1. For a quick check of understanding: with a 1.4 angstrom probe and all protein chains in place, what accessible area in square angstrom does Lys16 have, to the nearest ten?
2. Rounded, prolate or oblate for segment 88-141? Axes are the square roots of the Cα gyration tensor eigenvalues, ordered a ≥ b ≥ c, and the cut-off for rounded is a/c under 1.5.
3. Kindly report the accessible area of segment 86-141 per residue (heavy atoms of protein chains, probe 1.4 Å, no ligands, DNA or RNA), in Å².
4. For segment 36-44, in order, what is each residue's ³J(HN,Hα) by Karplus, 6.51 cos²θ - 1.76 cosθ + 1.60 with θ = phi - 60°, in whole Hz (x at glycine and Pro)?
5. Which distance in nm do the two modelled labels at Ala137 and His11 give, with both placed 7 Å along the Cα-to-Cβ direction?
Amino acid sequence: MFDLDAHIGLHADALKLRAQRAELIANNLANADTPGFKARDLDFRAVLAATHGGGVAARQVGGAIALTTTQSGHLSTAADAAASSAGALQYRKPLAPSIDGNTVDVQVEQAAFAENAIRYQATLNFVSSRFRGLMTAITGQ
């Protein structure tokens, strides 16, 4: 029997994590002018290693990025507690902290977003080529 997960490998998980990281970085950029906002990032290598190795962190993170709540009236999810306890989400260390407590450095975030987008596209190209190979094997052309 053919195992599709074994054929694609960890690249399917990498695509999910890259998409989550893109959302997280976009959230940082959207809050660049919000006083007191703390920039967050996903430790991609650690989470992917935990996912690939079957570690606890990846199972707890699941398919969602945890929400940051700043007031008691904000909604929380089970993924929030799991992701923060797993250490998947980390605060970004600012190069030059601002007076209002915001730790978002727009240039750093834009560079991280661009790098993540390129790596996402590379992973997507790899997965696409694997599926093309499968289709060639199935159709015999």
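The values are calculated or read from the model by the stated rules, or taken from the named source; none is laboratory data. Note that the structure is a prediction, hence the values are computed from the model and not measured. Positions of Cβ are backbone-derived with ideal geometry, glycine not excepted, and every protein chain shown enters the neighbour counts. These area figures cover heavy atoms from the full protein model, side chains too; ligands, DNA and RNA do not enter into them. Shrake-Rupley method; radii C 1.70, N 1.55, O 1.52, S 1.80 Å.
1. 130
2. Working: a/c = 7.75, a/b = 4.27, b/c = 1.82.
It comes out prolate by the Cα gyration axes.
3. Details: 3920 Å² over 56 residues.
Result: 70 Å² per residue.
4. Rounded to whole hertz, the list is x, 6, 9, 5, 10, 8, 9, 7, 4.
5. 1.3
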